[in-house]
Amino acid sequence: MSSPTIQKIDHLGIAVKSLEETLAYYEKALGLTCEGIEEVPSQKVRTAFLAVGEVHLELLEPTSPDSTIAKFLAEKGEGIHHIAFRTSEIEGQLAKAKDNGVRLIHEVPFDGAGGKLVAFLHPKSTHGVLTEFCMPKAGTCGCGGH
Ligand code: ZN
């Protein structure tokens, strides 16, 4: 197993109240294209991905009042929620962060949107930025994380 490497910013996660209303802005006012809407039961959200060159925007709408996105919206309102780094090896990347004293929200990666394994680092130990690691699962296409 090679040492874990962060390859790029995969996406920015943005908490929104309504995917449809937010997509109207990104698609009409900015001219971006939604690549698909997907429900992610593990996170109690519906997501929409928009390509911006190599990076994506991940719009996150809560599907339940106890979704972490619902809590974020209640406390902070709509806005940037997390930054996601694509890693070559998610378990090793988590272990490296942990070895360096970073608090993990998820010790074990779980299924996120787009057929990826994801895990989050706690913003209290990342200087205020909720940080996601993501990695395409073996067998899924490597065409940009969507
Ligand atoms: Zn994300």
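What the table below lists for this structure:
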quantity: Highest average packing first - 120-129, 58-67, Cβ atoms within 10 Å; calculated: 58-67, 120-129
quantity: Among 89-96, 76-83, the order from most to least packed when residues are scored by Cβ within 10 Å on average; calculated: 89-96, 76-83
quantity: Probe 1.4 Å, protein heavy atoms only - accessible area per residue of the stretch 6-136 in square angstrom; calculated: 50
quantity: Pairwise FRET efficiency - ARG103 versus ALA24, Cβ, R0 = 30 Å, nearest 0.05; calculated: 0.20
quantity: Nearest 10 degrees, 0 to 90: helix 90-99 Cα axis against the chain principal axis; calculated: 70
quantity: Value of relative contact order over the stretch 6-136, rounded to a whole percent, pairs C-alpha under 8 Å and six or more apart; calculated: 26
quantity: Exposure of GLU20 as accessible area (Å², to 10), given a probe of 1.4 Å and all protein chains; calculated: 100
quantity: 24 Å Cα-Cα threshold exceeded, pairs from LYS44/LYS76; LYS28/LYS137; LYS96/LYS124; calculated: LYS28/LYS137
quantity: Shape of the stretch 1-71, Cα gyration tensor, a/c cut at 1.5; calculated: oblate
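The values are calculated or read from the model by the stated rules, or taken from the named source; none is laboratory data. None of the values given here were measured: they were computed from a predicted structure. Counting neighbours? That spans all protein chains shown, and the Cβs are built from the backbone with ideal geometry, glycine included. These accessible areas exclude ligands, DNA and RNA; they are computed on the full protein's heavy atoms, side chains included. Shrake-Rupley method; radii C 1.70, N 1.55, O 1.52, S 1.80 Å.
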